[in-house]
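Okay, so here's the structure we're looking at.
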Amino acid sequence: LYHFYNRCYSYHFDKYRYDICFFNDVKQNNVRLGKYTGFEIFEGSVNSDVVKDSENKIKFLFTQGERCFGNNKSRQFILYLECSINEIEDIINVSEPEVCSYEATLRSPMGCL
């Protein structure tokens, strides 16, 4: 995980810009979606076309983001790390499966270790 220490990535999806700073915070435009609160290792696949189900994966957790207007809950963001044989690190998707709860997947060679 040291590879990600003090690294920030910016990505544009639709009309939003996402700034993801490992071990710090995540923002959507100027709205803080969450502060880094830890990571978890889990079994299974985020995208079965890329990794095997038996491999361990890491998800980075960002919680205590700014409050939502509709439900007054704090925003949160989960970033899944996925194995990629390419040298290029890339965010492959960002979604909002629940109101003010966001998820993204980062493909990286670091996800293969």
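Throughout, read-outs are computed from the coordinates displayed, never taken from laboratory work. Just so it is clear, the model here is predicted, and its values are computed rather than measured. Heads up, the Cβs are rebuilt from the backbone with ideal geometry, glycines too, and the neighbour counts pull from every protein chain shown.
Points to keep in mind about this one:
- Eligible lysines near Lys57 by straight Cα distance, threshold 28 Å, same-chain separation 8 or greater: Lys27, Lys35, Lys73
- Positive-end ranking of Leu113, Phe22, Ser74 along the dipole of the chain, with charges on Cβ about the Cα centre, is headed by Ser74.
- Couplings 3J(HN,Hα) of region 99-113, computed from phi: 4, 6, 10, 10, 9, 8, 10, 10, 8, 7, x, 5, x, 8, 7 Hz, in residue order, whole Hz [Karplus 6.51 cos²θ - 1.76 cosθ + 1.60, θ = phi - 60°; x for Gly and Pro].
- Residue-wise HN-Hα couplings along region 2-10, as the Karplus relation 6.51 cos²θ - 1.76 cosθ + 1.60 with θ = phi - 60° gives them from phi, are 4, 3, 8, 4, 6, 9, 10, 10, 10 Hz; Gly and Pro carry x.
- The HN-Hα couplings worked out from phi for region 13-24 by the Karplus form 6.51 cos²θ - 1.76 cosθ + 1.60 (θ = phi - 60°) are 10, 6, 9, 10, 10, 10, 10, 10, 10, 4, 6, 9 Hz, whole numbers, x standing for Gly and Pro.
- With all pairs of separate Cα atoms included, the chain yields a Kirkwood hydrodynamic radius of 14.3 Å.
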